[in-house]
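Reading through the C-alpha cells given below for one structure.
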Amino acid sequence: MDNYIDSYFEEVKKIADNIDKSSIKKVIDILKNIRSNSGRLYIIGVGGSAGSASHAVNDFRKLAGIEAYAPTDNVSELTARTNDEGWQTIFSEWLKGSKLNNNDVILVLSVGGGNEEKNISPNIVEALKLAKDVGAKIIGIVSRDGGYTKKVADACVLIPVVNDKAITPHAESFQAVVWHLIVFHPDFQLNSGKWESIKK
C-alpha cells in the first residue's frame, strides 16, 4: 500500500513538471478575450467530468466574472433530450437552444476528449462540430492523445499520461488543478476567494 501511495504522488509530480504551460496561457488568453467581449463559457463533460464542469462553472462565474454554464446542471432537460432525441446530441441541441455563437467558448473536460471513430463520448464530438459550424472557440483540458477535442481545439491542455493504469484519476484531478490555476491567476482573477480575502 505504501508503495502505491508513493508511486501515485510521484506520478502527480511528474505530470505537474511536464504539463505544457504555454497551452494554459493560450486558454487564459481566449477566456480573457471572451470576457472582455461579454461572451459566454459553456463547460461540457460526462461522468466525473460532468461534476467537475458544475464546480468549474461556479469558479468562472464567481471568481473570474464570466457568464458560464454546464448543460449537465439541468438534469430535467438532459434526461428529456436523452429520452427523446438520444444521448449523442444532448449537448449540441442544448447549445442550439442557448444560441451558441462566435462570441462564445466551449470548454471540454474529458479524459480522452471524445473519439468519433470509436463512438466514445459522441455527445462531446457533436457539440464541437456545432461549435466549429458557428465559429465558437474551443478549449479543452483532456488526456491520452486529446481525442477529437485536441484535433479541433483553439487551445488544449493535455494532461500527460505517466501510468496507463491511472489515466482517469490523473486526468480528472488535473482538470481541477488547471482550472483553479486559471481562475486564481493574478492576470485573470477578478474576485478573491473567501479564505484568501481573510487576513490572518
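Some notes on this structure:
- Candidate set from the range 1-52 (those that are among the polar types (S, T, N, Q) and buried (at least 17 other Cβ atoms within 10 Å of the Cβ)); member that is farthest from the chain's Cα centre (by Cα): Ser23
- Any chance Gly135 is within 14 Å of the chain's Cα centre (by Cα) and either of a type outside the set (D, E, K, R) or on the phi > 0 side of the Ramachandran plot (or both): no
- Residue list for the range 93-109, filter: in a helix (DSSP H, G or I) and either aliphatic (A, V, I, L, M) or closer than 21 Å to Gly48 by Cα (or both): Trp94, Leu95
- Criterion: farther than 27 Å from Ser36 by Cβ and touching a strand residue (DSSP E or B) at 6+ places or on another chain (Cβ under 6 Å) - qualifying residue of Ser49, Ser76: Ser49
- The numbered conditions (1) surrounded by 17 or more Cβ atoms within 10 Å (Cβ to Cβ); (2) at pLDDT 95 or above; (3) farther than 29 Å from Val162 by Cβ are all true for Leu78 except (2).
- Matching residues, the range 142-176, being surrounded by 24 or more Cβ atoms within 10 Å (Cβ to Cβ) and either in contact (Cβ under 8 Å) with a residue 60 or more places away in the chain or on the phi > 0 side of the Ramachandran plot (or both): Gly147, Val157, Ile159, Ala171, Gln175
- Meets criteria (more than 19 Å from Lys129 (Cβ to Cβ), among the hydrophobic types (A, V, I, L, M, F, W, C) and part of a helix (DSSP H, G or I)) for Ile90: no
The values are calculated or read from the model by the stated rules, or taken from the named source; none is laboratory data. None of the values given here were measured: they were computed from a predicted structure. As a convention, Cβ positions derive from the backbone with ideal geometry for all residues, glycine included, and neighbour counts pool all protein chains shown.
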